[in-house]
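Working notes, structure below.
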Amino acid sequence: MLYVKDRLRNRGLRRFIEVGAGNGYLSRALLSIGLTGIGFDLNPEACENNRIENSAAIRSGHYTIRCEDFVTAVVSPTDLIISSMVIEHLKVPELRAYFTRCRDLVSTTGLIVTIVPASPRHWGIEDDIAGHQKRYTRDDINEIAREHQLRVVHVAGLTYPVSNLLLGLSNRLARRAESWKLAMGARERTLISGNRHVWGKTEFPDATRYFVNEVTLFPLHLLQYLTRGSRHALVLYAEMKPAN
């Protein structure tokens with residue numbers, strides 16, 4: 001979240017749409033830097049968790065949750081459309097529909113931000129559990145931009161090398177807690193992927209917040225800046241703008 005907040009703070013952005021908002025953590029980060037917005041998600045349980053997470057912003061009128069499909073929803077143009085760990089679930093026709101919708105809705109000076117799993121050679125159990133279609137490369141991002149009359153203004157690899165070092169442990173935790181999901185269809189796995197319950201990965205004891213927070217993680221945030229050009233990073237952050 002630190003990287004996202006650093007990139008999007010003081011950019012003249014006022015309104016956002018988060019697609020696949022899940023439990024609302026990314027929306028909360030955007031609200032914390034002064035934006036107002038809408039969070040879309042298809043999972044009713046995740047939408048309810050989001051309502052609890054961002055209840056103050058909802059009461060103040062700065063945030064709205066819509067449990068419906070962003071691609072077909074009636075919504076006004078906006079300054080920022082952002083998704084985190086979403087488009088890797090989409091098949092090619094769905095991916096085209098998504099970016100066509102983004103291109104139609106984003107303002108001429110606005111941003112489309114996409115955060116995706118990267119490095120195809122690191123495909124693993126978590127990709128299968130979540131119903132992913134692919135892991136992305138920088139070339140993939142450039143191809144999407146070309147196809148939809150967008151221009152890439154920034155791409156960064158995130159979480160390297162920490163996530164790479166912890167990948168084996170992460171896969172073991174996911175396999176132990178979620179391998180039962182492999183019996184489900186890809187769409188079902190996608191719908192519940194934004195509301196995961198994996199102890200030691202997505203869920204931690206309450207006391208953890210005293211040791212794992214923006215202050216204690218700041219050195220890793222600086223390391224992430226230094227290594228953002230790595231092609232071995234497991235996460236890609238990309239900003240795109242309308243080309244004309």
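The values are calculated or read from the model by the stated rules, or taken from the named source; none is laboratory data. Note that the structure is predicted; figures quoted are calculated from it, not measured. Glycine also receives a Cβ, built like all others from the backbone with ideal geometry; neighbour counts cover every protein chain displayed.
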Exercise for review: Could you tell me whether the range 40-60 includes any residue that is outside any helix (DSSP H, G or I), basic (Lys, Arg) and over 21 Å from GLY185 (Cα atoms)?
Suggested key: no
Review point. When the range 139-161 is examined, which residues are found to be surrounded by fewer than 16 Cβ atoms within 10 Å (Cβ to Cβ), out of contact with any helix residue (DSSP H, G or I) (no Cβ under 9 Å at 6 or more places or on another chain) and either among the aromatic types (Phe, Trp, Tyr) or in a helix (DSSP H, G or I) (or both)?
Key: ASP139, GLU143, ARG146
Point to revise | Output for the range 98-138, where each listed residue is surrounded by fewer than 22 Cβ atoms within 10 Å (Cβ to Cβ), under 18 Å from GLY20 (Cα atoms) and among the polar types (S, T, N, Q) | key: THR100, GLN133
Review point. Can you tell me which of ASN171, ASN164 is in a helix (DSSP H, G or I), in contact with a Gly (Cβ under 7 Å, 6 or more places away or on another chain) and touching a residue at least 12 places away in the same chain (Cβ under 8 Å)?
Key: ASN171
**Study point:** Residue list for the range 104-130, filter: within 18 Å of the chain's Cα centre (by Cα) and of a type in the set (Lys, Arg)
**Key:** none
Practice item. Determine the pairs where a residue that is over 17 Å from CYS67 (Cβ atoms) and among the hydrophobic types (A, V, I, L, M, F, W, C), located within the range 1-28, has a partner that is modelled with pLDDT of 95 or more and assigned to a loop (DSSP other than H, G, I, E, B) with Cβ atoms under 8 Å apart, the partner being 6 or more residues away or on another chain. Key: LEU8/ILE33; LEU8/LEU35; LEU13/LEU35; PHE16/LEU35
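A quick yes/no check of all residues on (1) closer than 16 Å to THR114 by Cα; (2) crowded, with 23+ Cβ neighbours inside 10 Å:
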residue	(1), (2)
ARG14	no, no
TYR25	yes, no
ARG28	no, no
ASN54	no, yes
HIS62	no, no
CYS67	no, no
PHE70	yes, yes
ALA73	no, no
SER76	no, no
